[in-house]
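Structure record follows, encoded as C-alpha cells.
The values are calculated or read from the model by the stated rules, or taken from the named source; none is laboratory data. Since we're looking at a predicted model, the values are computed, not measured. All Cβ positions, glycine included, derive from the backbone under ideal geometry; neighbour counts span all protein chains shown.
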C-alpha cells in the first residue's frame, strides 16, 4: 500500500471525497492537451530545479504562472488585424488604425496602445506583423472554438508562449476560475516529481522545451514583450500518493518519446496522447484500489471492422464496467470510516456521536464546524451523516470527475461510437502511433508488442491477452485472433509493421534507428 500524504484544508470545497481519492484535482473539461500546457507552465516557473520536490511543502510545489496578456490579446482578441492588413492603406496608416482599435479592447493589464508601442519597432512593416499573428494563431489549440479569448492557448513553442487560463471581468480584473486549468497539470507535475527518474526528465525538458533562442519563441517574444507574472507565487494542488508505479511509467514514456529522432514540437503530440492514456489509467486504477478491487484495469479494444460484433459488444461492456468504477470508489471510501479503529473506539467515549462527527470532519472536511453549520448537520446521527455524504458526494462526482473516463478516452482517441450505438474502446490511428513510439525502441516482435501494450496500458486485443475472456466463454478464440489480425493490418497500413513471413511480423518505430531482425 502506497504512503498517503495528509490532505491540507482545501478552501472553497464543501467536502473532500474526490479529492481524497484522486487529488485536487482531476477535471473532465481539462483535456490532456490542457493538462500538458498547465504542466509546462509549472515547469517553466521551476527551471532552476525542474521536477524536484520543494522542501517544507508536504509534497506540493510553488510556482508563478505566466499571464502574457499582450500575447493572448494579440492572438485571440484582435479580429481586425487581417482586414487592416488586406487594405491598401499606407503602412503608417495601417499601424495607426490598428493601435486605435486594439486600444479600444484593452483590459487595463499593460495592454493599452502605449504598452504595445514596441511592436512598431519589432516588425519591419504592418503586413509582417499581421503574418506573425496569422502564423502563431494557426498553430494554436482550439482557435475556432467558442471559448472566451482568455482561455485559448498558443502552441508551446517555448517559454514565452506559455500562460495560464484566466477569466477577465468588465473592469479588467483577472482570476483563474479553474475551469480549463483545473490543477490536473499541477498533479501531473507532482506525479513526475515523485517518479524515480523525474529529475532526469526535468533536466531534458528544461533544455529542449525552454530554449529562449528558438526561432518560434523569438517570434512569440517579439509579440509579447516582457514577461507578465502575478505578484505572488502559488502552491500546487494535492496529490495523495507519495509513490505509484503509474508515475514511473508516465516518466519512462516521456523519456522514451523525447529520445526519438523527431523535433521536440512533433514529440509533444505523442506526449499529450500518452499522458492522457496514463492519467486515465491512474484515475481507474486508483478507483479500483480504493474500492477493494485488485484486478488490473483492462480496455478490451475492438480494432474497427464490419464483422467484429462480438468483440464490439465485449468492448462496450468493458467500457461500461470501467465507467462504473469511480462511483464504487466513492461509496467504499466514505463507508470505510466505519471500519476505522477510532470510529469503533468511539463507542466507549463519553459522547460517541460527537466523537464520530469529529472524525468525519477530519476525514472529509465535513460536516461544517458549528459556527458554519446552518443546517444543524453536526447534531444528526453519524450513520445518517454517512448516508447523506454518500448521496451528496455521488451527485457532485457525476457533474465533472465522473465524466473523466468518457471525455478523456474520447479526447485521446481510445473510445468511439463509430459503427455502434454505444461507446466502446476502439483506438484510432493517432493513439496507436503514439503507443508504438513510446513502447518500441527500434523494433519489437508483434506478439511481444501486444503483451507489452496489455502490461503497460491494459489494452486487450488478441487471443493471448484475452485468455480470461475465453476462459469465461465470453468469446471464441477465432474472434480475438481476427481482432489481432485486424490490428496487424492497421499497423502495416500505417507503416509501423513489417511482415517478414506469415508467422513473423515486427512492429517498427519509424523514429528510431533500424537494426536487423531474424526469424
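Would you say residue 75 is within 21 Å of residue 221 (Cβ to Cβ), at pLDDT 95 or above and surrounded by fewer than 13 Cβ atoms within 10 Å (Cβ to Cβ)? Criteria not met by residue 75.
If you go through segment 107-133 and pick out every residue that is farther than 21 Å from residue 216 by Cα, surrounded by 15 or more Cβ atoms within 10 Å (Cβ to Cβ), in contact (Cβ under 8 Å) with a residue 24 or more places away in the chain and out of contact with any strand residue (DSSP E or B) (no Cβ under 6 Å at 6 or more places or on another chain), you end up with 4.
Does residue 92 satisfy the condition of being within 31 Å of the chain's Cα centre (by Cα), exposed (fewer than 15 other Cβ atoms within 10 Å of the Cβ) and farther than 29 Å from residue 403 by Cα? No. With respect to residue 347, determine if the residue is modelled with pLDDT under 95, surrounded by fewer than 19 Cβ atoms within 10 Å (Cβ to Cβ) and assigned to a helix (DSSP H, G or I). Here the answer is yes, as residue 347 does meet what is asked.
Residues are listed down the side, and each one gets a yes or a no for (1) assigned to a helix (DSSP H, G or I); (2) over 30 Å from residue 99 (Cβ atoms); (3) in contact with a helix residue (DSSP H, G or I) (Cβ under 7 Å, 6 or more places away or on another chain):
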{"site": "13", "(1), (2), (3)": "no, yes, yes"}
{"site": "26", "(1), (2), (3)": "no, yes, yes"}
{"site": "33", "(1), (2), (3)": "yes, yes, yes"}
{"site": "60", "(1), (2), (3)": "no, yes, no"}
{"site": "67", "(1), (2), (3)": "no, no, no"}
{"site": "70", "(1), (2), (3)": "yes, no, yes"}
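Considering each residue of segment 415-427 in turn, none proves to be in the same structural domain as residue 310 (by TED's automatic domain parsing) and within 24 Å of residue 13 (Cβ to Cβ). Checking the conditions here, which among 436, 492, 507, 460 is buried (at least 19 other Cβ atoms within 10 Å of the Cβ) and farther than 30 Å from residue 320 by Cα? Result: 507 is the single residue among 436, 492, 507, 460 that is buried (at least 19 other Cβ atoms within 10 Å of the Cβ) and farther than 30 Å from residue 320 by Cα. Sort through 351, 364 and tell me the only one that's on the phi < 0 side of the Ramachandran plot, in contact (Cβ under 8 Å) with a residue 60 or more places away in the chain and assigned by TED's automatic domain parsing to the domain that holds residue 427. When all the criteria are applied, what remains is 364.
One line per residue, one yes/no per condition, for (1) within 25 Å of residue 51 (Cα to Cα); (2) out of contact with any strand residue (DSSP E or B) (no Cβ under 8 Å at 6 or more places or on another chain); (3) not assigned by TED's automatic domain parsing to the domain that holds residue 483:
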site	(1), (2), (3)
251	yes, yes, no
257	yes, yes, no
280	yes, yes, no
289	no, yes, no
306	no, yes, no
315	no, no, no
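The set of residues in segment 303-319 being closer than 20 Å to residue 452 by Cβ and assigned to a loop (DSSP other than H, G, I, E, B) consists of 303 alone.
Residue 472 meets all of the listed conditions (1) under 21 Å from residue 313 (Cα atoms); (2) touching a helix residue (DSSP H, G or I) at 6+ places or on another chain (Cβ under 9 Å) but one, namely (2).
So which of 141, 129 is under 26 Å from residue 266 (Cα atoms) and modelled with pLDDT under 95?
Criteria check complete, one pass: 141.
Of the candidates 79, 90, 65, 50, the single residue that is under 22 Å from residue 269 (Cβ atoms) and assigned by TED's automatic domain parsing to the domain that holds residue 112 is 50. Count of segment 388-414 residues, restricted to those that are free of Cβ contacts under 8 Å to residues at least 60 places away in the same chain and either out of contact with any helix residue (DSSP H, G or I) (no Cβ under 9 Å at 6 or more places or on another chain) or not assigned by TED's automatic domain parsing to the domain that holds residue 333 (or both), is 4.
Close contacts from segment 215-243, counting a first residue that is at positive phi and in the same structural domain as residue 60 (by TED's automatic domain parsing) and a second that is at pLDDT 95 or above and surrounded by fewer than 19 Cβ atoms within 10 Å (Cβ to Cβ), with Cβ to Cβ under 6 Å and a gap of 6+ residues or different chains, come to 225/118.
For segment 162-184, filtering for residues that are part of a loop (DSSP other than H, G, I, E, B) and more than 28 Å from residue 218 (Cβ to Cβ) leaves 10. In segment 494-514, the qualifying residues are those that are assigned to a loop (DSSP other than H, G, I, E, B) and touching a helix residue (DSSP H, G or I) at 6+ places or on another chain (Cβ under 9 Å), and the one that is modelled with the lowest pLDDT is 512.
Taken over segment 291-304, the criterion of being closer than 14 Å to residue 466 by Cα and touching a strand residue (DSSP E or B) at 6+ places or on another chain (Cβ under 9 Å) is satisfied by 298, 299, 300, 301, 302.
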